[in-house]
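Down below is the structure, laid out as structure tokens.
The values are calculated or read from the model by the stated rules, or taken from the named source; none is laboratory data. This one's a predicted model, so the numbers in the text were calculated from it and none came from an experiment. Quick note on the areas: whole protein, heavy atoms, side chains included, nothing else; ligands and nucleic acids left out. Shrake-Rupley method; radii C 1.70, N 1.55, O 1.52, S 1.80 Å.
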Amino acid sequence: PVFDESVDFDDCEESSCQMSFRKVIILAIMFCVLVTCASMYGSLSHSALVIQRDGKSMCSAGTTLQQNVANHLIKDNVTRASFQELLGTLGMMIHEFVQTPAGGALDALWGSMRAQRHLRSEWDYETKVQRDFLAYRSWVQLAQQWGVDGRAAVPFGVMARRRAAEAITANFITGESFGTLLDRRDVDCSKAGPLLCGSCKGLCKVFFASSYDSPPGDSGTRSWFLVNATTGVPIGPLSIDSYDSRIEQSSDVQAKYVDYISRSSDIESMPATRLWSKMHQIKENESDLLLTLTSPIAYCGNYSCFQGSLGSDVNLRHLSNDCFDEWVKLKNLLALPAYQAAIGPQNSSVFIVYHVAEFYPEQQGLLVGASDPDMAENIKKTHAEASSWGVVRNTSNALLQRFGSWNATEL
């Protein structure tokens, strides 16, 4: 290479791109700070997202848990318990006001018949004196259940609803029959007078009693008598032929059962069995719905010595009022501030269905009572799935769709 000897290299200055050591250190520190800040921002941003996500998840889980607890408290501890209590109460009412009085009436008459048969082997009910004795014994039992206690009538509100049957009847396959009927009716005693009402004044509940009798034979003609409700003594003849269909209920269901067991098993092996009749009504009073508990007249204890049937009638007219009372209790409970679950007749009902009728399948599903106040005054033979009350109809159809029939084992 050729150098210019005129150039003095000692006079050359440092390159303008050259940096001092101090600046390099400062720049390095700033870079590290920036990298650290960026790293921290990313980390914090990720942590914030994780915390937000986990917080939402925990809040959602906590809300679901609280909702489940609330649902459990309301549905299981309140609603389910309330429903169980309601159903239990109605079950006890049916047992107390339907099954018990009917069974007690049959026990009383059947006990007297067995005692007479044991003491007098000739006792065969063919004489009117024998039948009159048992008709009077029936009046004694009914008067005891109704609390007659020598009073022809009682003022409204004095006597609570009684656990009482309305009739005790006996019908023999040889034609003879007897029976006694007793119940209370609302009467304005200011117009009826003391002959009917005794000393009761104003609006009173008056006791009415009647009896019937028929001799052996195939005529089936019954003689009816008006009976002094306070003494059980017949007063005079009475014409109430419309009651005949009421009396025949006990014979009908027992005859069906005898026919059934005679075709399916040894009749001597079938013990005497109490059966409920189909539901029936009195022609002049279709607001009353009746059931008859029946028992065979069979002194040997089985159907090989079947002689006829006993019956005890109970009136179901009070069941709608019972349903309404229980529905109001449930409505008031669910309306409390703790639950705030409003129910009304548009979306709820308490109703009772006749769901097992082995010998009367056409009556399965009949509406026996409902919390509709109108039903308490106007009971008709209506199937629940055809009820004019929407909530009853819809619920009944849903049950039939779920279980197939009213007499399903699950029900």
Give the long-range amide H neighbours of VAL368: residues separated by 5 or more places, or on another chain, with amide H under 5 Å away, using H modelled in the peptide plane at 1.01 Å from N. ILE352, VAL353, TYR354
Tail weight of P(r) past 26 Å, computed on alpha-carbon pairs of the range 83-204, percent: 39
Roughly how much of MET93 is accessible, in Å² to the nearest 10, using a 1.4 Å probe? 40
Kirkwood hydrodynamic radius, the range 150-231, all distinct C-alpha pairs: what's the number in Å? 14.2
Which entries in the list LYS256/LYS329; LYS128/LYS256; LYS201/LYS381 go over 32 Å, if you measure between the two C-alpha atoms of each? LYS256/LYS329; LYS201/LYS381
I need the P(r) histogram for the range 315-403: all alpha carbon pairs, bin width 5 Å from 0 out to the longest distance, whole percents. 3, 14, 23, 22, 18, 12, 5, 2, 1, 0
VAL24 - accessible surface, heavy atoms, 1.4 Å probe, Å² rounded to 10: 70
Just to compare against my own numbers: the Cα pair-distance distribution for the range 111-176, 10 Å bins, whole % per bin, please. 16, 42, 24, 14, 3
Heavy-atom accessible area with a 1.4 angstrom probe orders SER304, SER295, most exposed first, as SER304, SER295
